[in-house]
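Here is the structure we will look at, set down as structure tokens.
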Amino acid sequence: MKTFLHVADIGSLQTALQEAAEIKADRYQFEHLGRHKTALLIFFNNSLRTRLSTQKAARNLGLDVIVLDVNAGAWKLETERGVIMDGDKSEHLLEAIPVMASYCDVIGVRTFAGLTDREADYTERILRQFIQYSGRPVFSMESATAHPLQAFADLITIEEHKEKARPKVVLTWAPHPRALPQAVPNSFAEWMRAADVDFVVTHPEGYELDPEFVGDARVEYDQMKAFEGADFIYAKNWSCPGVTCPEDYGKVLHRDMSWTVDEAHMAVTNNAHFMHCLPVRRGMIVTDDVIESPRSLVIPEAANREISATVVLKRMIEGL
Ligand code: CP
């Protein structure tokens with residue numbers, strides 16, 4: 001595997017889930033694979049789960065790990081070509097990428113959505129430069145438009161907890177005080193469409209996800225109707241994706257607290273499990289009662305980030 005950004009990069013989901021289960025049963029069985037090889041994890045923004053779980057995954061495979069926080073200790077990086085660098089940015093990404101690549105065998109990148117220039121975000125300008133100029137396998141640790149390690153961990157979690165062959169899985173928008181990227185809901189939609197689940201998306205009008213990710217998934221604008229009979233509720237906020245209203249890209253269009261997932265919402269489900277990628281704002285996205293209930297999967301879901309990252313890193317170093 002040379003890149004990991006979209007669900008297609010992982011190939012058969014059944015095979016990937018089987019591999020994840022085998023790794024979870026004995027997560028050190030491939031520790032010989034990474035001997036004398038190095039994973040470089042580059043963070044352009046904050047992280048708790050991705051930072052820890054990906055390091056743990058690399059160590060499961062015997063890899064050395066270097067973590068770089070670009071905004072804390074490195075030179076400030078210019079990412080655009082053709083600019084006169086007379087400001088506070090001391091180094092260009094186009095020199096920094098091959099330099100960083102010379103110290104490692106595989107690269108993970110967490111970049112960010114600017115949420116002002118839709119084209120720059122949706123062409124994954126920064127991640128693509130790493131793929132083009134590093135000469136190394138590159139995986140997204142959440143990029144401008146996608147969070148595939150999270151979606152893979154979510155799928156593993158659903159597989160482990162489903163109580164019927166083809167569960168109903170609902171992705172619901174929920175309110176948040178700040179503008180957030182669409183990376184998590186995009187990838188979740190993309191992976192759920194590829195999985196054997198009955199998938200429904202619910203959000204206020206104006207929050208339609210990009211067709212590249214959501215495809216022909218069923219969209220239900222009535223949140224309570226979407227929740228009826230659901231086996232899994234996956235809550236997430238996202239800002240306006242700019243699909244139906246390009247001028248609103250990246251903006252917060254609604255703060256409607258009636259969309260907060262509470263016990264009244266969960267009561268119309270099929271005793272659904274609650275999921276969220278974390279970090280989560282209690283009282284905005286979900287109530288204390290729902291996230292603390294026995295049906296909440298937020299902790300096992302986060303723990304499975306180690307497993308999804310181990311599968312992806314294993315496949316990358318096997319291909320070196
Ligand atoms: N879910 C997730 O990616 O968490 P972090 O932002 O803390 O890495």
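None of the figures in this text is laboratory data; all of them are computed from the coordinates on show. Small disclaimer: the values here were computed from a predicted structure and weren't measured. In this analysis, Cβ positions are derived from the backbone assuming ideal geometry, glycine residues included, and neighbour counts consider all displayed protein chains.
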**Message:** Rounded to the nearest 20 debye, what is the charge dipole size of the range 151-301 about its Cα centre when +1 sits on each Lys and Arg Cβ and -1 on each Asp and Glu Cβ?
**Reply:** 200
**Asked** Taking the range 45-164 on its own, what percent of its Cα-Cα pair distances exceed 16 Å?
**Response** 68
**Complete:** Candidates Thr287, Thr157, Thr111; GNM for the chain (alpha-carbon contacts under 10 Å) flags as most fluctuating Thr287
**Restricting the range 263-302 to GluC sites (Glu not before Pro) in coil, as DSSP defines it, with at most 15 other Cβ within 10 Å** = Glu292
**Prompt:** Which of the GluC sites (Glu not before Pro) across the range 151-199 are loop residues per DSSP, with 15 or fewer other Cβ within 10 Å?
**Reply:** Glu163
**Message:** Based on Cα coordinates alone, diagonalise the gyration tensor for the chain, multiply each eigenvalue by 5, take square roots, and list the semi-axes in whole Å, largest first.
**Reply:** 32, 25, 16
**Message:** I need the helices of the chain that pass two filters: whole DSSP H segments spanning 24 Å or more by Cα along the axis, and mean Kyte-Doolittle score no lower than 0.0.
**Reply:** 298-318
**Fill in**
In the range 52-91, the trypsin sites (Lys or Arg not before Pro) that sit in a DSSP loop and have at most 15 other Cβ atoms within 10 Å of their own Cβ are Lys76, Arg81, Lys89
**Item:** Options Ile10, Val286, Pro177, ranked by Cα towards positive dipole end of the chain, top entry (Cβ charges)
**Value:** Ile10
**Request:** Mind putting a number on the dipole of the chain about its Cα centre? Charges go on the C-beta only, +1 for Lys and Arg and -1 for Asp and Glu, and I need it in Debye to the nearest 20.
**Result:** 800
**Request:** Tell me what the chain gives for mean residue ellipticity at 222 nm when only DSSP H runs of n ≥ 4 count, each as -39,500 (n - 2.57), the sum divided by the residue total, rounded to 500 deg cm²/dmol.
**Result:** -10500 deg cm²/dmol
**Message:** Test of understanding: what is the full-extension gain from Asp9 to Arg281, defined as 0.36 nm times their sequence separation minus their Cα-Cα distance?
**Reply:** 94.8 nm
**Request:** Quickly work out the Lys2-to-Lys164 label distance, labels modelled 7 Å from Cα along the C-beta direction, and quote it in nm with one decimal.
**Result:** 4.3
**Message:** Under the 0.36 nm per residue contour assumption, what length would be gained going from the current alpha-carbon distance of Lys89 and Ala264 to full extension?
**Reply:** 58.0 nm
**Complete:** Extension length gain for Lys225 and Val67 (0.36 nm per residue less Cα distance), in nm, is 52.4 nm
**Message:** From the alpha carbon gyration tensor of the range 151-301, can you work out the equivalent ellipsoid semi-axes (sqrt of 5 times each eigenvalue) and give them in Å, largest to smallest?
**Reply:** 22, 18, 14
**Request:** Could you pull out the pairs from Lys168/Lys236; Lys2/Lys314; Lys168/Lys251; Lys37/Lys314; Lys24/Lys162; Lys2/Lys37 whose alpha carbons sit more than 20 Å apart here?
**Result:** Lys168/Lys251
